Amino acid sequence: MTKAEQQQAVAILVPGQFNDHAVGRIDRTFSRVWIERPDASLVTDELRRTVRGIAAFGGINAALIDALPNLEIIANFGVGYDSVDARHAAQRGVMVTNTPDVLT
């Protein structure tokens, strides 16, 4: 399997509404999966097995992080990450990123 094929096999969860441009970029590189909102009760067994990243506008709590045992990164699209339980993510070894210059 080539590196591009390996990346395409990586599932990125996009909970709720998202920026069309960012969705296009995710789709070109990864396998995007979607749930209606960032809610652990919506995580299926397949998502538990396959999701390795989350791309969201926030609302990522400890329950959602714990529902995804293979989670490696949360990409929060916003200036800060107050709406992400970053402390819990760090305890799980999950990296949290943001977009600090998005408004400048």
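Listed by first and then second residue, the pairs with beta-carbon distance under 6 Å, at least 6 apart or on different chains, first residue in the range 82-93 and of a type in the set (S, T, N, Q), second not in a helix (DSSP H, G or I), are Ser83/Gly58; Ser83/Gly59. Please go through (1) closer than 23 Å to Asp20 by Cα; (2) among the acidic types (Asp, Glu); (3) surrounded by 13 or more Cβ atoms within 10 Å (Cβ to Cβ) for Asp85 and return the number of the only condition it doesn't satisfy. Condition not satisfied by Asp85: (1). The residue that is surrounded by the most Cβ atoms within 10 Å (Cβ to Cβ), among those in the range 37-80 that are within 20 Å of Ala22 (Cβ to Cβ) and over 13 Å from the mean Cα position of the chain (by Cα), is Gly78.
When the range 17-38 is filtered for residues that are more than 22 Å from Met95 (Cβ to Cβ), outside any helix (DSSP H, G or I) and not basic (Lys, Arg), the ones remaining, listed by number, are Gln17, Glu36. Quick check: is even one residue across the range 29-50 hydrophobic (A, V, I, L, M, F, W, C) and under 16 Å from Thr99 (Cβ atoms)? No: the range 29-50 contains no residue that is hydrophobic (A, V, I, L, M, F, W, C) and under 16 Å from Thr99 (Cβ atoms).
The numbered conditions (1) over 19 Å from Glu72 (Cβ atoms); (2) of a type in the set (Gly, Ala, Ser); (3) touching a Lys or Arg at 6+ places or on another chain (Cβ under 8 Å) are all true for Ser41 except (3).
Where a number appears in this text, it was derived from the coordinates with a stated rule and is not lab data. Since the structure is predicted, the reported quantities are computational estimates derived from the model, not experimental observations. Cβ coordinates were reconstructed from backbone atoms using ideal geometry, including for glycine residues, and neighbour counts include every protein chain displayed.
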